[in-house]
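No value in this document is a laboratory result; all are computed from the given coordinates. None of these values were measured; they are calculated from a predicted model. Note: ideal-geometry Cβ built from the backbone for every residue, glycine included; neighbour counts use all protein chains shown.
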Amino acid sequence: MSPSTQPELVPAGEGETIWFDGNVYTVKISGEATNGALSVLESSIMPGCGPPLHVHTVADEVFHVLSGQLEFQVGDAEFTGRAGDYVFVPHGTPHRFKNIGVHVAHTIFAYTPAGFEKFFLESGEPAVAGTPVPQWSSEEFERAVAIAPRFHWEGPPTK
């Protein structure tokens, strides 16, 4: 087997972790590990946080809500995802989510094909253990929106 098709273990609490948009994201399985087929991330979404309406033009996305309550809009449907729920978002479908609870919401989410995990790594900042998650500025958000098209992401226009 080639290196990109070897089994991979990422122990709990490990993986490249970044702060992005006031939240915490950890790459658990990268596209390099799956030969581009799939990437898997963990997220901790702070109360009131979540991305604006956006579209992944190439990758399908699936969420597994581990804890908390996330308000989703997927296409024309709006619903609340709770612990144990799965949400599938086909590529090309406008979607957003927002933590509507008072506690941090945790998810596992995946992209197929892989590649979008690199957007988080490039747009975010390396997380520092024991440090509160910083709030994002409008300049950081605009920078992320500007590079997003390279990762087949379409979102709101910058101001």
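As a test of the formula, what do you get for the chain when each DSSP H run with n ≥ 4 contributes -39,500 (n - 2.57) and the sum is divided by the residue count, at 222 nm and rounded to the nearest 500 deg cm²/dmol?
It lands at -3000 deg cm²/dmol.
Going through the range 1-82, which GluC sites (Glu not before Pro) have at most 15 other Cβ atoms within 10 Å and a DSSP loop state?
Of the GluC sites (Glu not before Pro), the ones in loops of the range 1-82 whose Cβ has at most 15 other Cβ atoms within 10 Å are 8, 14, 32.
Pick from 138, 67, 123: which residue has the top mean-square fluctuation in a GNM of the chain where Cα pairs under 10 Å get a spring?
138
Would you mind working out the magnitude of the charge dipole of the chain relative to its Cα centre, with +1 at each Lys and Arg C-beta and -1 at each Asp and Glu C-beta, to the nearest 20 Debye?
Its charge dipole is roughly 120 debye.
How many angstrom lie between the C-alpha centres of the range 67-106 and the range 121-156?
20
Please compute the modelled spin-label separation between residue 135 and residue 121, points set 7 Å along Cα→Cβ, answer in nm with one decimal.
Here the answer is 3.1 nm between the modelled labels.
Each label point is 7 Å from the Cα along the Cα-to-Cβ direction; what then is the distance between the points at residue 86 and residue 103, in nm?
Inter-label distance under the simple model: 2.4 nm.
Here are several values of Rg and Dmax of the Cα atoms in Å: (i) 15.1, 48; (ii) 27.7, 104; (iii) 17.9, 58. Which one was derived from the coordinates shown?
After the calculation, the listed value that fits is (i).
Counting pairs of alpha carbon atoms under 8 Å apart in space and at least six apart in sequence, what relative contact order in percent does the range 14-128 give?
36
In what order do 85, 21 fall by count of nearby beta-carbon atoms within 10 Å, going from fewest to most?
If I rank by nearby Cβ atoms, fewest first, I get 85, 21.
Dipole of the range 14-128 (Lys/Arg Cβ +1, Asp/Glu Cβ -1, origin at the Cα centre): which of 31, 73, 93 lies farthest to the positive side?
Highest projection toward the positive end goes to 73.
I need the phi-derived Karplus couplings for the range 27-34: 6.51 cos²θ - 1.76 cosθ + 1.60, θ = phi - 60°, integer Hz, Gly and Pro marked x.
Whole-Hz 3J(HN,Hα) from phi for the range 27-34: 6, 8, 9, 8, x, 4, 6, 10.
Residue 85's amide H: which non-local residues (gap 5+, or another chain) put their own amide H closer than 5 Å, with H modeled 1.01 Å from N in plane and none for Pro or chain starts?
65
Return the distance in nm (one decimal) between the two label points of a simple spin-label model at residue 10 and residue 71, each offset 7 Å from Cα along Cα→Cβ.
Those two pseudo-labels are separated by 3.0 nm.
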